[in-house]
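Presented below is the structure to which this report refers.
The values are calculated or read from the model by the stated rules, or taken from the named source; none is laboratory data. Predicted, not measured: the structure shown is a model, and the values here were computed from it. Every residue, glycine among them, receives a Cβ derived from its backbone with ideal geometry; neighbour counts consider all protein chains shown. Note: accessible area is taken over every heavy atom of the protein model, side chains too, but ligands, DNA and RNA are not part of it. Shrake-Rupley method; radii C 1.70, N 1.55, O 1.52, S 1.80 Å.
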Amino acid sequence: MRTAQQRAKRQQKVEELCAATLRALTGDARLHYRGRRLYAGERALPQHAPHLRVDPAEDDFGDCRAAADGAALRLLHSDAALHRSLCPDDPVERLVFELLEQLRVETLAPGEMAGMGANLRRRFENWSRAFYRSGLTEGSVGILLYTVAQMCWSRLTAHRVLEETEDYIESTRMSLVSAMGTALAGIRRHRGDQRAFASHALAIARIVGEQVRAARAESEGDEDEPIDQDEKRGFALLLDFDDGNETDDGIAAATTGTSKAFEDAALTYRVYTTRYDTEVAAASLVRRTLLREYRERIDRRIAEQGVNLPRLGRMLAAVLATPVRDGWRFGEEEGHIDGRRLAQVISSPAERRVFRQERFVARSDCVVSFLVDCSGSMKTHVESVAVMLDLLIRALEMTGARTELLGFTTGAWNGGRAYREWMSHGRPPHPGRLNVVCHMVFKDAERAWRRARSDIAALLKADLFREGIDGEAVDWACNRLLARPEARRILVVISDGCPSDSATGLANDAFYLDNHLKDVVARHERQGAVEILGLGVGLDLSPFYRRNLATDMTQGLENDLFGEIVQLIGGRHRR
C-alpha cells in the first residue's frame with residue numbers, strides 16, 4: 001500500500017514521462033501535465049473519452065502511456081473546431097460522440113509504432129473490464145452504453161469484443177444491429193475523414209440517446225423499478241464535461257474548482273484592508289535563548305542526517321554556475337601566441353610552451369529565494385524543512401549564489417482584526433481577503449549563512465504557524481527578487497497544500513485564494529523574470545506550479561532527495 005507521499009511522487013514521474021511522449025509525438029513544446037490534467041501552455045485541454053481517464057498515482061504505467069498516446073493522436077488527427085461545431089447538446093449523445101471520435105483517431109496510429117497500438121488496445125480492454133466488474137452494466141442504460149462502446153471499437157479496430165463479456169452483451173448487440181448497421185459500416189469506411197465520419201457517429205449517438213431517454217422515461221413511470229442510484233452516480237462521472245470541476249482525491253481535487261467571487265470581480269483580487277499587515281524579521285518574534293535552543297536542535301539533526309554537503313555544493317554549481325572569462329593561462333602548448341615569449345622561439349626552438357589560452361571560471365550570477373508556507377498544517381514537517389533549507393542555503397553559498405529565506409502566515413486565526421472590522425461595517429459582500437497577512441524574513445540575500453544561522457532557527461517556533469494566503473506571499477517574494485541585480489532569479493515555494501484562510505473562504509468562496517495564487521504564478525511565469533518552483537511536502541503542487549517536486553520527508557533527508565531538488569532548481573526548461 002503506497003503512502004500519500006509515494007503516490008504523489010509516482011504521479012509526478014509518470015506525468016513527466018507521458019508529457020515528454022506527448023511533446024515528441026505532436027511537436028508541441030507547450031504540452032505538460034498539471035494536477036492530472038493536460039495543458040497546452042496555460043490552457044487546460046479536455047479529456048472526455050472515459051477510457052482515457054487514468055490515475056497516474058495508482059494505474060499501471062502502460063495505461064497512463066496509452067492515455068498519452070490517445071491524447072497525442074487526438075491532437076494530431078482531430079480538428080477541435082469542427083468537432084465542437086458538430087457535437088450534440090444532449091449529454092448522453094455527446095458522450096457517445098466523444099467516445100467515437102477518440103476511437104476514430106486511435107485507429108490512425110502509425111503502423112510502424114506497434115507499441116502505441118498495443119498500448120491503446122490494452123487500455124480499452126482494461127477499462128472495459130473495470131466498467132463491467134463495477135456493476136454499471138447491470139442497469140438498462142449501463143448495458144446499452146457498454147454494448148455500443150464494444151461494437152464500435154470492434155468495428156473500427158477489427159478486434160474481437162472483450163471475450164469476458166461477449167456472451168453477456170450478445171442479446172443487446174443483436175437488438176442494436178438493425179438500427180445501427182449502416183452507421184457502423186460508415187464509421188469503418190470513413191475513419192480517415194473526420195467530417196464524413198461524424199455524420200455516422202451522430203447517427204449512432206442519436207439512436208443511443210433515444211433509447212436512453214425511453215429507458216429513463218419508463219423507469220420514472222414505473223415506481224417499482226426506479227433508476228439505480230449507483231448507476232446514476234457512475235454515469236455522472238462519465239457525463240461530466242465541465243472542464244473546471246473535476247474532483248479527484250488529494251490536493252488536485254481541492255484546487256480544480258473555479259472561484260465565482262474571483263470571476264465576478266473580473267479576476268481582480270481584493271483586500272478588505274491592509275492596515276494591520278506586517279513584514280517582520282522572524283528572529284524578532286522569538287526570544288534569543290529559545291533561538292539558541294532551536295539552533296542546537298537543527299545542528300543535531302544535520303549531524304544525524306549525514307548529508308554530503310561539499311557534494312551537494314558541486315551538484316548545485318553544475319546546474320547554476322556559468323563560465324565567466326577570468327584572464328589568461330600562460331605557458332600553454334597551444335592557443336594564442338604569447339608575444340612576450342617570442343624570444344624563446346629563437347633561443348630554444350624545441351620549446352612549445354609559448355602560447356596562452358583564455359581562462360574561464362564557473363560563477364553563479366544567481367539568487368535563490370525560499371518561501372515557506374507557515375500555515376498550521378506545516379508544523380508537523382517544519383523541523384525537516386528547516387534542516388533541508390539550512391543545508392541548501394549553505395550549499396548554495398558555496399557556489400557563490402545569493403540566498404534568501406522568507407515565510408508567510410497570518411496575524412491571527414479566523415480573520416483577526418480585519419474580519420472584526422468587516423463585521424462592524426455591516427459585512428459588505430465580496431470583501432476579498434479578510435485576514436491580516438504577516439510576511440517574515442528569516443534571512444535576507446545580503447546576509448551570509450554564518451550571520452543568519454540563529455535567525456533561520458526561528459522556523460521551529462510553532463506559534464508562528466497559523467493560516468496561509470499564498471498568492472500575496474508569492475507576489476511579495478517575487479517583487480523582492482525583481483529588485484535584485486542578479487541575472488537569474490529563482491523562487492522555491494515550500495508548501496504542503498493549497499491556500500487556506502477560513503474567514504476569506506467563508507466571505508467569498510472556497511476557491512478564491514486558490515484562483516488568486518494561480519493568477520499570480522501565471523503572471524510571473526509570463527513575465528519570465530523570476531522562475532517559480534513548487535516543492536510539495538508530501539503532496540503534488542502541480543495545480544499551482546508548472547515546475548514542481550513532491551517530496552517525502554517522513555523517511556529522512558537523504559542524498560537522493562537533495563539530488564531531486566537540484567534537478568528541479570537546475571531544470572530551466574523542465575515540463
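Taking 0.36 nm per residue of separation and subtracting the Cα-Cα distance, what length does fully extending Ala130 through Ser348 add? Could you put the intermediate results ahead of the total?
Numbers: separation 218, 0.36 × 218 = 78.48 nm, distance 8.47 nm.
The Ala130-Ser348 span can extend by a further 70.0 nm.
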- Message: Quick check: from the Cα gyration tensor, does region 17-136 come out rounded (a/c under 1.5), prolate or oblate?
- Response: rounded
- Within the chain, what percent of beta bridges assigned by DSSP are antiparallel, to the nearest 5? 45 percent
- Item | Inter-label distance, nm, simple model (7 Å from Cα along the C-beta direction), Leu506/Asn414 | 0.6 nm
- Message: Suppose we keep just the DSSP beta bridges with both residues in region 289-425; what percent of those would be antiparallel, to 5?
- Response: 60 percent
- Computed over the chain: longest principal axis from alpha-carbon atoms vs helix 470-482 long axis, angle to nearest 10 degrees, is 40 degrees
- Heads up, region 319-454 by the C-alpha gyration tensor (a ≥ b ≥ c square roots of eigenvalues; a/c under 1.5 rounded, else a/b over b/c prolate, else oblate) looks prolate
- Query: Counting each DSSP H run of 4 or more residues in the chain as -39500 (n - 2.57), what helix-only mean residue ellipticity at 222 nm follows after dividing by all residues, to the nearest 500 deg cm²/dmol?
  - Reply: -16000 deg cm²/dmol
- Query: So how exposed is Val441, as accessible area in Å² (1.4 Å probe, rounded to 10)?
  - Reply: 30 Å²
- Quick one: Cα centre-to-centre distance for region 268-328 and region 444-458, in angstrom? 7 Å
- Query: To the nearest 10 square angstrom, what accessible area does Ser171 show with a 1.4 Å probe?
  - Reply: 90 Å²
- Item | Average accessible area per residue (Å²) across the chain - probe 1.4 Å, nucleic acids and ligands excluded | 46 Å²
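Please sort by residue number the trypsin sites (Lys or Arg not before Pro) in region 83-120 whose DSSP state is loop and whose Cβ has at most 11 other Cβ atoms within 10 Å.
On the way: sites: Arg84, Arg94, Arg104; in loops: none.
In loop regions of region 83-120 (DSSP not H, G, I, E or B), there are no sparsely surrounded trypsin sites (Lys or Arg not before Pro).
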- Message: Just to confirm the number: angle between the C-alpha axis of helix 114-133 and the first principal axis of the chain, 0 to 90 degrees, nearest 10?
- Response: 60 degrees
- Task: Within the set of other residues whose C-beta is less than 12 Å from the C-beta of Arg451, count the net charge using Lys and Arg as +1 and Asp and Glu as -1.
- Result: 0
- Could you tally the net charge around Asn435, taking each other residue with its Cβ under 14 Å from the Cβ of Asn435, Lys/Arg +1 and Asp/Glu -1? 0
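Measure off, as a whole percent, the carbon and sulfur share of the 1.4 Å-probe accessible area of the chain, all protein chains present. Provide the component values of the computation, followed by the final result.
Working: 12830 of 26420 Å².
Accessible surface attributable to carbon and sulfur in the chain totals 49 percent.
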- Query: Which angle from 0 to 90°, rounded to the nearest 10, does the C-alpha axis of helix 170-189 make with the longest principal axis of the chain?
  - Reply: 70 degrees
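Would you kindly state how much longer the chain becomes between Leu76 and Glu16 on full extension, computed as 0.36 nm times their sequence separation minus their alpha carbon distance, in nm to one decimal? Could the numbers behind the result be given before it?
Working: separation 60, 0.36 × 60 = 21.60 nm, distance 2.01 nm.
Roughly 19.6 nm would be gained on extension.
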- In whole Å, how far is the Cα centre of region 128-143 from that of region 475-550? 42 Å
- Accessible area, probe 1.4 Å, largest first, for residues Ile346, Ile337: Ile346, Ile337
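Taking region 55-109, which GluC sites (Glu not before Pro) meet the DSSP loop condition and have no more than 14 other C-beta atoms within 10 Å?
Numbers: sites: Glu58, Glu93, Glu98, Glu101, Glu106; in loops: Glu58.
Qualifying residues, ordered by number: Glu58.
Can you pull out the trypsin sites (Lys or Arg not before Pro) in region 135-178 that DSSP calls coil and that have at most 14 other Cβ atoms within 10 Å?
On the way: sites: Arg155, Arg160, Arg173; in loops: Arg160.
The qualifying sites are Arg160.
With the cut-off at 1.5 for a/c, could you classify the chain from its C-alpha gyration tensor as rounded, prolate or oblate? Could the numbers behind the result be given before it?
Values: a/c = 2.60, a/b = 1.50, b/c = 1.73.
Oblate, because a/c is 1.5 or more while a/b does not exceed b/c.
Can you tell me the length gained on complete extension of the stretch Glu333 to Arg292, counting 0.36 nm per residue apart and subtracting the Cα distance? Could you put the intermediate results ahead of the total?
Working: separation 41, 0.36 × 41 = 14.76 nm, distance 5.62 nm.
So the chain would gain 9.1 nm between Glu333 and Arg292.
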